[in-house]
Amino acid sequence: MTRQSDKIFPFIDKQLASWSEGRLRFGQLNDVLYKSLTVNGVEVKIQFNPERVRSATAQVTATAIKRRQCFLCRKNRPPDQMYLSWRNYQILVNPYPILPRHLTVASARHQPQFILSRVTDMLDLTRFLEGFLVFYNGAQCGASAPDHFHFQAVEAGHTPLERLMDGYATEKTTGMGFSGRLHYFSGKKKSILRDTFETVCREYENSPDAEPMMNVFCRHMHGIWELTVIPRLKHRPECYCGVGDAQMLVSPGALDMAGIVVTARECDFRKLAAENLTQIYRETGCW
Ligand SMILES: [Zn+2]
């Protein structure tokens with residue numbers, strides 16, 4: 001039995017058994033529609049998931065964030081939402097899942113999204129959650145709660161990005177993925193991985209006070225960590241602000257950049273074609 005299944009699977013089962021709203025939404029995942037598009041030579045999946053409309057339309061400006069109650073702070077969470085403590089974090093079942101066993105791992109304290117000081121936490125968490133893909137949305141790259149530090153995790157094996165990672169036999173690869181530039185590195189030593197991560201970040205740094213825009217992915221198998229950094233140019237593409245038929249509510253976070261593109265409106269799901277998505281990736285990734 002792997003380390004995570006000792007605690008995580010029973011935690012998820014217990015939570016879903018006692019929380020009708022969460023159970024309903026995870027049940028709905030079985031019925032979400034998918035279609036495939038080939039973008040930059042890779043088959044990506046488009047998901048129609050109306051429950052994600054909150055995230056797709058989330059106001060993430062500093063003013064809007066200040067005005068709302070933080071939904072990751074314990075005092076504001078639904079009373080039925082349980083948590084599993086891990087270090088200074090609380091592991092939660094994500095109430096609006098995109099993929100099976102979707103978790104949010106929130107800092108126990110209300111602190112902003114800033115990963116540079118938490119890379120070691122990400123590596124250790126990924127080892128704890130072996131069998132999961134752990135990921136991070138930068139404050140302006142898909143995080144709906146940029147003011148409250150959190151990772152997310154989903155059951156591994158569902159994203160096109162992981163298939164790319166499977167093909168990287170070398171310890172370090174910098175190249176073009178289907179959603180733009182990416183940096184992949186792997187190894188057994190946390191300090192080396194942390195140093196490599198910091199070096200990659202410095203390449204994209206604009207200001208010493210703000211971290212570069214990026215999505216980060218991590219998995220751990222057979223004693224080896226694999227990290228992928230996807231640097232970002234912006235959060236939302238131009239079509240997000242389009243008018244009438246020209247509008248498509250695609251608001252890319254980490255999973256979208258990993259090839260699971262979420263649409264919350266049926267019209268966008270139907271309309272989104274390979275050329276639109278190529279354009280979306282060209283605007284939001286780095287090329
Ligand atoms: Zn908070």
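The values are calculated or read from the model by the stated rules, or taken from the named source; none is laboratory data. Everything numeric in this text was worked out from a predicted model, so none of it was measured. Because the Cβ atoms are built from the backbone with ideal geometry, glycine has one as well, and the counts that use them run over all protein chains shown.
Brief remarks on what is shown
- Some residue of the stretch 274-285 being part of a loop (DSSP other than H, G, I, E, B), in contact (Cβ under 8 Å) with a residue 24 or more places away in the chain and out of contact with any strand residue (DSSP E or B) (no Cβ under 6 Å at 6 or more places or on another chain): no
- Taking residues in the stretch 55-75 that are under 19 Å from His235 (Cα atoms) and free of Cβ contacts under 8 Å to residues at least 24 places away in the same chain, and partners anywhere that are within 16 Å of the ligand (Cβ to nearest atom) and among the hydrophobic types (A, V, I, L, M, F, W, C), the pairs with Cβ atoms closer than 9 Å and at least 6 places apart or on different chains are Gln59/Ile65; Ala64/Ala58.
- Residue check for Val39: closer than 30 Å to Lys234 by Cβ, in contact (Cβ under 8 Å) with a residue 12 or more places away in the chain and touching a Phe, Trp or Tyr at 6+ places or on another chain (Cβ under 9 Å): yes
- Here the condition is being surrounded by 15 or more Cβ atoms within 10 Å (Cβ to Cβ), within 16 Å of the ligand (Cβ to nearest atom), farther than 28 Å from Val200 by Cβ and under 18 Å from the mean Cα position of the chain (by Cα); of Leu72, Leu92, it holds for Leu92 alone.
- Taken over the stretch 187-236, the residue count meeting the criterion of being among the acidic types (Asp, Glu) and within 19 Å of Met165 (Cβ to Cβ) is 1.
- Of the residues making up the stretch 123-165, those that are under 13 Å from the mean Cα position of the chain (by Cα), not in a loop (DSSP other than H, G, I, E, B) and not acidic (Asp, Glu) are Phe132, Leu133, Val134, Phe135, Tyr136, Asn137, His150, Phe151, Gln152, Ala153, Val154, Leu161.
- When residues of the stretch 103-114 are limited to those that are in a loop (DSSP other than H, G, I, E, B) and either without any contact (Cβ under 8 Å) to a residue 60 or more places away in the chain or within 11 Å of the ligand (Cβ to nearest atom) (or both), the one surrounded by the most Cβ atoms within 10 Å (Cβ to Cβ): Gln113
- Test: residue in the stretch 211-228 that is in a helix (DSSP H, G or I) and either surrounded by fewer than 17 Cβ atoms within 10 Å (Cβ to Cβ) or not hydrophobic (A, V, I, L, M, F, W, C) (or both): no
Conditions tested, residue by residue: (1) at pLDDT 95 or above; (2) in contact with a Cys (Cβ under 6 Å, 6 or more places away or on another chain); (3) away from the ligand (no atom under 16 Å from the Cβ); (4) closer than 13 Å to Pro231 by Cβ.
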position	(1), (2), (3), (4)
Leu133	yes, no, yes, no
His158	yes, no, yes, no
Gly177	yes, no, yes, yes
Leu182	yes, no, yes, yes
Ile192	yes, no, yes, no
Thr196	yes, no, yes, no
Asn206	no, no, yes, yes
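- If the condition is being at pLDDT 95 or above and of a type outside the set (Asp, Glu), then the stretch 238-261 contributes Pro252, Gly253, Ala254, Leu255, Met257, Ala258, Gly259, Ile260, Val261.
- Only listed residue being within 19 Å of Ala254 (Cα to Cα) and either small (Gly, Ala, Ser) or within 16 Å of the ligand (Cβ to nearest atom) (or both), chosen from Ser85, Ser117, Ser144: Ser144
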